[in-house]
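Derivation of every value follows stated rules applied to the coordinates shown; laboratory data play no part. Every value quoted in this text rests on a predicted model; they were computed, and no experiment measured them. Positions of Cβ are backbone-derived with ideal geometry, glycine not excepted, and every protein chain shown enters the neighbour counts.
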Amino acid sequence: MSTSKSVNRQILLVSRPQGPVTADNFKLVETPLAPLSEGQFRVRNHYLSLDPYMRGRMNDGKSYAAPQPLDAVMLGGTVGEVVESRHPRFAVGSKVVGSFGWQEYGTSDGAGVQQVTDPAVPLSAWLGAVGMPGVTAWYGLNHLIAPQKGQTVVVSAASGAVGSVVGQLAKRAGCRAVGIAGGAEKCRYVVDTLGFDACVDYKAGNLQHDLKAAAPDGIDGHFENVGGEVLDTVLGQMNAFGRIALCGMIAGYDGQPLPLRQPALILTQRLRVEGFIVSEHLELWPEAQALLARLVTQQQLHYRETIAQGLESAPEALIGLLKGKNFGKQLVKLI
Ligand code: NDP
């Protein structure tokens, strides 16, 4: 296997999925690494982040961001170490967070690359609890749901990268935190390790009844990551003037869009429902990341990771993520 500094291994998107993602949509290639120009540096990526938004970018439709181009390196967040530099501010040995995508090496002039300043935070956490998913949780909860002490906050995909942080921050705000997750094992983790008050297994077949038991006073704030039946059920149990942060609708990413069964509930319960994209609030990231980094280093914010080994495992790991096979933040270890 040639992974020396002269050759880069990369995964390209070569076709758009017609329905669920398949391994054939990707191609692994080896590309020679060009010498650095003045002002550039090279990063050996240690971890690649796999995220649900990648599925949307694989389509060619209208969305909040441009589609991933075909025959180009698949996009994605990465953390790694500078291994060669002709840049005054990025010394060899510095750890960096970037968007180098599905490849072992990235070359940059520094634009959009963040230096890791807090060595107490594990490198991989910059792609999870302290990175984009953590900031997503922080933003949606604090800026859209704005929970108050004693209120009930529900979050779907509760064991995942975003959901796990939402519930833990809701608990810190003095709320009753209720998770919804797929399977008994994920639910046990959400309560026993993350400290939620309750977690409902939507795969057990009694979602409406079980959610009512977990949130007996109704739901004041809901952080939606899934859509479909989960959102329909939560909507039916929202208290008047409740707030819903519409973060993701993963249940529909790999298939047909999901209809909303009873939109009239938004009116009759006078709900505020707001979608958001975390990358449109970059000015707030430093505040969020400072808090999340502190909580992680003080072991007051817990997270779990599923780590696939090697670049070639990325396609199957993304396919698994879209089916709920991951347990916590999905990463690919590249070194
Ligand atoms: P997770 O780590 O939560 O992984 C995805 C989880 O979603 C799975 O583990 C699974 O959990 C659940 N899931 C997967 N497929 C389905 C399905 N078909 N039906 C129901 N549930 C499913 O991912 P993230 O925390 O990274 O992301 C969570 C959500 O947040 C996503 O919808 C994502 O698009 C969104 N997001 C939005 C952002 C924004 O700016 N708006 C930014 C970042 C993320 P389970 O087994 O419990 O069902």
Report summary line: The correct pair for the range 236-325, radius of gyration to one decimal and Dmax as a whole number, both in Å and from Cα atoms, is 18.2, 51
Query - Residues whose placed amide H lies under 5 Å from that of Val273, excluding near-sequence neighbours - result: Ile244
Query raised in the report: Quick one: if you take sqrt(5λ) for each eigenvalue of the C-alpha gyration tensor of the range 248-288, what semi-axes come out, biggest first, whole angstrom?
Result: 27, 19, 6
Requested in this report: Compute the separation of the alpha-carbon centres of the range 118-132 and the range 201-270 and state it in Å as a whole number.
Outcome: 30
Report task. Can you tell me the dipole magnitude for the chain around its Cα centre, using point charges on the Cβ only (Lys, Arg +1; Asp, Glu -1), in Debye to the nearest 20? Result -> 300
Query - Difference of contour (0.36 nm per residue) and Cα-Cα distance, Ala66 to Ser313 - result: 86.4 nm
Query raised in the report: According to a simple spin-label model (label point 7 Å from Cα along Cα-to-Cβ), what is the distance in nm between Glu280 and Lys323?
Result: 3.3
Query raised in the report: Rounded, prolate or oblate: which fits the range 1-150, taking a ≥ b ≥ c as square roots of the Cα gyration tensor eigenvalues, rounded meaning a/c under 1.5, else prolate when a/b beats b/c?
Result: oblate
Query raised in the report: Ordered by packing density, taken as the mean number of other Cβ atoms within 10 Å over each peptide's residues, highest first, how do 112-125, 169-182 rank?
Result: 169-182, 112-125
Query raised in the report: In whole Å, what three semi-axes, largest first, describe the equivalent ellipsoid of the range 132-279 built from its Cα gyration tensor (square root of 5 times each eigenvalue)?
Result: 19, 17, 16
Report summary line: Between Glu30 and Asp109, the FRET efficiency computed from the C-beta separation at R0 = 25 Å comes out, to the nearest 0.05, as 0.55
Report summary line: Partner lysines whose C-alpha sits under 22 Å from that of Lys95, ignoring same-chain residues fewer than 8 away, are Lys5, Lys329, Lys333
**Report entry** Filter on Lys212/Lys323; Lys149/Lys186; Lys62/Lys171; Lys27/Lys186 - keep pairs with C-alpha separation over 31 Å
**Finding:** Lys62/Lys171; Lys27/Lys186
Requested in this report: Choose one of Ala245, Leu231, Thr193: the residue whose Cα lies farthest towards the positive end of the charge dipole of the range 132-279 (beta-carbon charges +1 Lys, Arg; -1 Asp, Glu; about the Cα centre).
Outcome: Ala245
Report summary line: Sorting Val273, Val178, Leu50 by the position of each Cα along the dipole of the chain (Lys, Arg +1; Asp, Glu -1; all at Cβ), the one nearest the positive end of that ordering is Val178
**Report entry** Cβ-placed point charges (K, R +1; D, E -1), dipole of the range 132-279 about Cα centre in debye, nearest 20
**Finding:** 340
Query - Residues of the range 29-55 with amide N under 12 Å of a point placed 7 Å along Cα→Cβ from Val14 - result: 29-30
Query raised in the report: Taking N as the number of residues in the chain, what is its alpha-carbon radius of gyration divided by 2.2 N^0.38 Å?
Result: 1.02
Query raised in the report: Where does the charge balance sit around Gln115 when Lys and Arg score +1, Asp and Glu -1, over other residues with C-beta under 12 Å from its C-beta?
Result: 0
Query raised in the report: Counting DSSP beta bridges with both partners in the chain, what percentage is antiparallel, nearest 5?
Result: 55
Report task. Treating the angle as unsigned and between 0 and 90°, give the value, to the nearest 10°, between the Cα long axis of helix 285-297 and the longest Cα principal axis of the chain. Result -> 90
Report task. Sort by residue number and report every cysteine in the chain with no other cysteine beta carbon within a distance under 4.7 Å. Result -> Cys175, Cys247
